[in-house]
Amino acid sequence: MAKSKENGIRSVRNALRISRYLNACQEPVGANRIAIDLGINASSCFRLLKTLTSECVLVFNERSKKYSPAMGLIELARGALYRLEYKILRTEIEELSKKFDTTTVVMFPVGRERAIITDVVERDSPLRFKIDVGQDFQLFVGAFGRCFAACSDLTKDALRTEFEKTQWEDAPSFEDYFAQVEQAKKDGFAIDMGNHIRGVVKVSTCVQGPDGRPRFALSILAFATRFSKKECRQIGLDLKHRAELLEANDAMRSMIGIGR
């Protein structure tokens, strides 16, 4: 019975992994490649693909024999987007974007390796970043990645292993990165001065649950010449304060895992 339950949990996890994988791909993908890239048994992968297709989460092209996301994914997310806590969160990032004249995003950790953008408010300017809801990044990269790392229980060696997997345009040394993670633990926010993407500064903080685990991150993006390091720290303090208010907000309890 325990084995059956474990297999069921694994199937659910793999179904979600497949959906996220295809959502991140720029083009339809065949079953064999999906199985190989995700390390899922080929026959199990095929069964999951058939099920997801029948539930309209994926669409299968008979001619190319490849899969891609379907409109059913929107139906799954639609209910959550109208909940009060998401409206509160939306208001917060709109205020942040207006206050600092920047692009502001919400990043949700997905599994153990990725984080996905679930909401974006862009600055009111012709010069904008190309950022879309659903875009995903490696979990420990950038400013939000330093925050997620600071909230994790990874040892220094384990974090080094994760760091070596990350892709940066101007990568810091691991020792500098680790020191910045340690600083994020003290400050409650982190700053990326163009390491992840050259010419772009990012400031992030995490909204945590009662267990100390990050539920999501608030992140501000600006061109590197927009703010000094001192100004970024002031923004970080503002983000930290807003995160604390969200953690204390009764309407946010279901999102961050506090029982009513």
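Below is a table of values for the structure above.
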item	result
Test: Val110 is open to solvent by 20 Å² or more (accessible area, probe 1.4 Å), over 20 Å from Ala243 (Cα atoms), touching an Asp or Glu at 6+ places or on another chain (Cβ under 8 Å) and β-branched (Val, Ile, Thr)	no
Criterion: more than 19 Å from Lys230 (Cα to Cα), touching a helix residue (DSSP H, G or I) at 6+ places or on another chain (Cβ under 7 Å) and not polar (S, T, N, Q) - qualifying residue of Phe174, Phe216, Phe189	Phe174
Selection from the stretch 212-243 of residues that are open to solvent by less than 30 Å² (accessible area, probe 1.4 Å) and not in a strand (DSSP E or B)	Gly212, Phe227, Cys232, Ile235, Gly236, Asp238, Leu239, Ala243
Selection from the stretch 183-211 of residues that are of a type in the set (A, V, I, L, M, F, W, C) and not in a loop (DSSP other than H, G, I, E, B)	Ala184, Ala190, Ile191, Met193, Val200, Val201, Val203, Cys206, Val207
Count of residues meeting criterion [closer than 22 Å to Glu113 by Cα, buried (at least 16 other Cβ atoms within 10 Å of the Cβ) and without any contact (Cβ under 8 Å) to a residue 12 or more places away in the chain] in the stretch 20-75	1
All positions within the stretch 172-207 that are under 19 Å from Phe100 (Cβ atoms) and aliphatic (A, V, I, L, M)	Ala190, Ile191, Met193, Ile197, Val200, Val201, Val203, Val207
Subset of the stretch 153-182 [assigned to a helix (DSSP H, G or I), closer than 22 Å to Arg233 by Cβ and open to solvent by less than 80 Å² (accessible area, probe 1.4 Å)]	Tyr177, Phe178, Ala179, Gln180, Val181, Glu182
The lone exception for Val133 - which of (1) part of a loop (DSSP other than H, G, I, E, B); (2) in contact (Cβ under 8 Å) with a residue 24 or more places away in the chain; (3) of a type in the set (A, V, I, L, M, F, W, C); (4) surrounded by fewer than 19 Cβ atoms within 10 Å (Cβ to Cβ) it fails	(2)
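The values are calculated or read from the model by the stated rules, or taken from the named source; none is laboratory data. Predicted model, so just to flag it, every value in this text is computed and none were measured. When we count neighbours, we look across all protein chains shown, and the Cβ atoms used for this are built from the backbone with ideal geometry, even at glycine. Areas reflect the complete protein model, heavy atoms only, side chains present, ligands, DNA and RNA absent. Shrake-Rupley method; radii C 1.70, N 1.55, O 1.52, S 1.80 Å.
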